[in-house]
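Everything below concerns the one structure shown next.
The values are calculated or read from the model by the stated rules, or taken from the named source; none is laboratory data. As the structure is a computational prediction, the values presented were derived from the model and not from experiment. Ideal geometry is used to build each Cβ from the backbone, glycine not excepted, and the neighbour counts take in all protein chains shown. Accessible surface is based on the protein model in full, side chains and every heavy atom, while ligands, DNA and RNA are left aside. Shrake-Rupley method; radii C 1.70, N 1.55, O 1.52, S 1.80 Å.
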Amino acid sequence: MTTGDSVDGVSRRSFLKRAVAVGGAVGLSACVEQEGTVDVPRGPEDRSSLPARQHAWNDVLATDDAGNVLNARHHVLVLLSLPEPGPPTEEMRSTVASAFGSLERAYARSNRGLLFTVGYSRSYFDRFDDPLPESVDLPHPEPLAPFENPEMDDADVLVHLASDLPEVVLRAEQALRGNSRRINGVEVTAGVTDVLQSVDRRTGFVGAGLPAEHTDVADVSEGAIPEEAPFFMGFKSGFEKNQASEDRVTIESGPFAGGATEHLSTMSIDLEQWYEQDDRYQRVAKMFCPGHAEAGTVEGVGENLGTSSKMDDCADPKAAAREYGIAGHSQKMLSVREDDSPIILRRDFDSTDGDRPGLHFLALQETIDDFVRTRAAMNGTDVAAETAVGTRTNNGLLQYIAVHHRGNYLVPPRSLRALPPANPGTEVSQ
């Protein structure tokens with residue numbers, strides 16, 4: 001039975017997250033039954049006013065009281081591939097361009113409408129005789145730590161759909177898959193699955209209240225995950241000063257100028273150990289730094305921190321490891337800042353795919369090497385080699401996460417987002 005706050009004893013928020021995870025007509029029907037059809041403004045008929053960068057989301061996302069940009073609350077990742085060897089045809093490009101254009105006309109480009117990006121893997125670009133230009137750094141994915149053995153995603157295309165409204169991401173996905181020919185009053189003339197095959201589907205969520213609904217999947221005590229926490233691990237993330245700017249992650253030159261590279265890691269998280277074996281002191285020390293745990297710097301989920309995690313107040317990670325036996329995750333990241341700013345822009349979100357707590361760590365950067373350098377700092381190999389901190393144990397968050405998938409993508413500018421050639425001579429309006 002549905003009530004204002006629950007559905008057969010399941011909270012409204014949890015019900016809506018599960019609807020997104022289920023997807024398809026069943027998930028959409030359940031979502032609409034609970035919420036009704038939401039009133040969402042349409043996008044422009046003349047799309048020339050939309051930004052050239054696909055990844056330019058910050059101006060249309062919500063912010064918190066401190067001014068930190070908040071990621072959209074509901075996410076769907078759709079992985080697709082061309083059905084046959086070789087490059088796509090112009091007819092395929094036209095079909096895919098039409099599908100993406102329909103989404104832009106159907107929904108306003110905002111967190112209360114729809115945001116999406118389309119990325120292409122190195123496997124996709126290997127279909128062409130021409131190589132990628134030197135201005136694009138896009139290697140095949142590989143393991144980024146000696147203790148991981150992830151599956152390497154080689155699907156041609158990654159579509160990332162995001163909105164604060166679960167119905168919107170579900171309807172957009174249905175349209176992309178060719179299962180709906182009208183969304184939000186706009187005719188959909190084509191779906192990407194008219195020419196592409198679906199390879200995988202992943203879902204997730206981020207935002208205050210959402211992770212706390214999943215203590216059952218997380219196998220932790222009721223109330224262990226703070227109600228106000230936006231992530232499973234109980235703390236805020238995405239502080240303004242801990243994020244690269246959209247300008248910093250944008251490719252500056254060459255035919256794909258205005259694009260960015262994208263890395264997607266799919267991880268599971270051992271929340272039972274995080275909450276049931278470790279105390280708050282250890283969680284703060286490992287997430288931020290031992291100095292913060294000693295000083296009581298972090299209140300609650302970290303709302304008091306403002307626009308930064310205040311790493312200037314933390315010691316060098318090796319010094320912290322020698323004094324406290326712990327190196328904090330955030331303090332290890334200080335070694336890869338440029339001009340006192342990070343070099344990747346995180347747009348990650350939690351997940352219960354596979355009925356286990358996890359994280360889809362999605363990052364944008366100018367080059368994949370920027371991500372590799374950032375991950376190397378997270379590994380803390382030098383800290384483990386020179387102190388008593390282990391390769392994973394007490395080394396930031398490493399002992400709590402396991403990486404199951406890695407993928408690298410190029411997110412072209414909007415003008416080239418529909419099955420682009422490897423080295424386009426001129427931009428094609430899409």
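Listing for the model above:
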{"read-out": "Distance (nanometres) between label positions extended 7 Å along Cα→Cβ at ASP369 and ARG322", "value": "3.2"}
{"read-out": "Given charges at Cβ of Lys, Arg, Asp, Glu: region 222-284 dipole, positive-most of PRO226, ALA244, ALA257", "value": "ALA257"}
{"read-out": "Lys, Arg +1 and Asp, Glu -1 on Cβ, resulting dipole of region 159-316 about Cα centre, debye, nearest 20", "value": "700"}
{"read-out": "Signed unit charges on C-beta, dipole axis of the chain, positive-most listed residue ILE183, ALA212, LEU158", "value": "ILE183"}
{"read-out": "Computed label-point distance, nm, for sites ALA388 and ARG201 using a 7 Å Cα→Cβ extension", "value": "5.1"}
{"read-out": "Gained length - ALA402 relative to SER253, 0.36 nm times residue gap less alpha-carbon distance", "value": "50.1 nm"}
{"read-out": "Degrees, to the nearest 10: 368-379 long Cα axis against longest axis of the chain", "value": "20"}
{"read-out": "Bins of 10 Å from zero: percent of alpha-carbon pairs in the chain", "value": "5, 21, 32, 25, 13, 3, 0"}
{"read-out": "Dipole moment magnitude, nearest 20 debye, region 75-145 about Cα centre, only Lys, Arg, Asp, Glu C-beta charged", "value": "580"}
{"read-out": "Sorted peptide list for 406-412, 353-359, criterion being average Cβ within 10 angstrom, highest first", "value": "406-412, 353-359"}
{"read-out": "Volume in Å³ per residue [convex hull over Cα atoms, computed for region 213-333]", "value": "140"}
{"read-out": "Whole-number accessible area per residue in Å² for region 85-219, which is evaluated in the context of all protein chains at 1.4 Å", "value": "38"}
{"read-out": "Solvent exposure ordering (accessible area, 1.4 Å, most first) of HIS140, HIS404, HIS214", "value": "HIS140, HIS404, HIS214"}
{"read-out": "Formal net charge of residues neighbouring GLY296 (Cβ-Cβ distance under 15 Å; K, R +1; D, E -1)", "value": "-2"}
{"read-out": "Summed residue charge, Cβ within 12 Å of GLY358's Cβ, Lys/Arg positive, Asp/Glu negative", "value": "-3"}
{"read-out": "Rounded FRET efficiency, nearest 0.05, which uses the C-beta distance separating THR89 from GLN282 and R0 of 35 Å", "value": "0.05"}
{"read-out": "Carbon and sulfur %, accessible surface of the chain computed with the full protein complex present, 1.4 Å", "value": "45"}
{"read-out": "Cα centre as origin, Lys/Arg/Asp/Glu Cβ charges: the chain dipole, Debye", "value": "560"}
{"read-out": "Listed residues SER335, GLN197, LEU359: farthest to the positive end of the dipole of the chain (Cβ charges)", "value": "GLN197"}
{"read-out": "Derived scalar couplings ³J(HN,Hα) [region 132-147; Karplus, 6.51 cos²θ - 1.76 cosθ + 1.60; whole Hz; x for Gly, Pro]", "value": "5, x, 4, 6, 10, 9, 9, x, 5, x, 8, x, 10, 8, x, 9"}
{"read-out": "On Cα atoms only, tilt of 12-22 relative to the major axis of the chain in degrees", "value": "60"}
{"read-out": "Gain in span if fully extended, ARG181 to THR193, counting 0.36 nm per residue against the direct Cα distance", "value": "3.0 nm"}
{"read-out": "Spatial separation of Cα centroids for region 126-147 and region 205-252, in angstrom", "value": "29"}
{"read-out": "Label-point gap, in nm, between SER48 and GLU299 - each point 7 angstrom along Cα→Cβ", "value": "5.2"}
{"read-out": "Accessible area (Å², 1.4 Å probe, nearest 10) - ARG122", "value": "80"}
{"read-out": "Full-stretch length increase - SER245, ARG337 - with 0.36 nm per residue and alpha-carbon distance subtracted", "value": "31.9 nm"}
